[in-house]
1. How do the pairs read when you match residues in region 241-259 that are at pLDDT 95 or above with residues anywhere that are basic (Lys, Arg) and surrounded by fewer than 19 Cβ atoms within 10 Å (Cβ to Cβ), using Cβ under 8 Å and keeping only pairs 6 or more apart or on different chains?
2. Select the helices (runs of 4 or more DSSP H) contained entirely in region 174-261, then report the ones holding at least 1 residues which are out of contact with any helix residue (DSSP H, G or I) (no Cβ under 6 Å at 6 or more places or on another chain) and of a type in the set (Asp, Glu).
3. Give region 138-166 a look and list any residue that's outside any helix (DSSP H, G or I) and free of Cβ contacts under 8 Å to residues at least 40 places away in the same chain, or say none.
4. So Arg175 passes all but one of these: (1) of a type in the set (D, E, K, R); (2) buried (at least 17 other Cβ atoms within 10 Å of the Cβ); (3) in contact (Cβ under 8 Å) with a residue 60 or more places away in the chain. Which condition number does it fail?
5. Within region 88-99, which residues are surrounded by fewer than 19 Cβ atoms within 10 Å (Cβ to Cβ), out of contact with any Asp or Glu (no Cβ under 8 Å at 6 or more places or on another chain) and of a type outside the set (D, E, K, R)?
6. Do you know which residues across region 41-76 are in a loop (DSSP other than H, G, I, E, B), surrounded by fewer than 19 Cβ atoms within 10 Å (Cβ to Cβ) and either in contact (Cβ under 8 Å) with a residue 40 or more places away in the chain or assigned by TED's automatic domain parsing to the domain that holds Leu249 (or both)?
7. Quick test for you: out of Phe36, Phe55, Phe9, pick the one residue that is modelled with pLDDT under 95 and of a type in the set (Phe, Trp, Tyr).
Amino acid sequence: MPPPMLQLFRRLLGIAPAPPSVDEMQWRRVEATLPFLEHLVPDDRLRLREMALAFLESKQFHGAQGLELDDDMLLAIALQACLPVLHIGLQAYDGWVGVIVYPGDFVIPRQIVDDAGVLHEYEDEVLGEAWEGGPVLLSWFTGDEAPDGVNVVIHEFAHKLDMENGGVDGLPRLRPGMSRRQWAEAFEQAYEDFCAEVERGADTAIDPYGAEHPGEFFAVVSEVFFEAPLVLQARFPAVYDQLVRFYGLDPAARAGSKAGA
């Protein structure tokens with residue numbers, strides 16, 4: 001890829017970045033930090049690389065709070081962002097261009113009005129956020145600083161897919177041939193069961209944050225689908241099957257064959 005500072009200046013100026021060039025050593029180095037990519041068959045691995053480069057050319061990246069973005073960071077984000085749309089297409093991310101990366105978690109000012117009409121202002125500490133029609137905000141951690149069991153990039157880009165048909169409600173624009181009824185049945189039952197588990201303090205093996213809202217449940221189980229597919233398949237098989245149809249991938253099949261090897 002061109003020098004990162006040159007890339008950054010081009011993006012800050014709104015100039016389309018030069019077509020990046022990544023050698024095999026760099027691909028392997030970055031992919032080694034994303035072990036769940038082993039769940040992809042070789043052809044899909046190559047397809048993901050091509051899509052990641054196209055994603056980098058189409059989006060503008062900014063480091064917040066003094067964070068300097070290097071080429072490995074950009075590649076890692078792009079690979080993870082493109083994984084959910086590997087068989088959907090990059091057009092799912094049309095209509096916005098910004099990706100803002102923070103050094104660790106960050107705070108977003110919030111305002112809510114209660115039932116009595118009183119305005120309350122507070123600061124919300126988050127790991128990421130996707131804005132409808134706007135940018136994706138991501139936290140970046142190095143080494144052991146990353147929170148366990150959380151993939152911020154996949155989570156926020158799953159929200160972007162959810163927003164394709166308006167709002168974040170856990171029902172994205174389904175692929176041709178998929179049934180809204182079957183999707184709703186699988187997700188509503190799983191969400192209800194999951195919320196009950198979280199409420200009674202059970203060890204869910206899935207991030208309890210998914211109980212916050214059906215839209216968060218979709219994003220959280222999407223993380224698990226790609227990172228720990230056997231866990232999701234065992235716990236919520238109907239949800240797993242719907243995500244196989246939606247994402248056009250069956251990562252548990254490859255994960256299972258490796259586990260049995």
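1. That search, which allows pairs on different chains as well, returns Arg245/Arg175; Phe246/Arg175; Gly248/Arg175.
2. In region 174-261, 180-199, 237-247 are the helices (runs of 4 or more DSSP H) which contain 1 or more residues that are out of contact with any helix residue (DSSP H, G or I) (no Cβ under 6 Å at 6 or more places or on another chain) and of a type in the set (Asp, Glu).
3. Ser139, Phe141, Thr142, Ala146, Pro147, Asp148, Gly166
4. The failed condition is (2).
5. Ile88, Gly89, Leu90, Gln91, Gly95, Trp96, Val97, Gly98
6. Val41, Ala64, Gln65, Leu67, Glu68, Asp70
7. Phe9
The values are calculated or read from the model by the stated rules, or taken from the named source; none is laboratory data. The shown structure was predicted, so the numbers you read here are calculated from the model rather than taken from an experiment. All Cβ positions, even for glycine, are placed from backbone atoms using ideal geometry, and neighbour counts span all protein chains on display.
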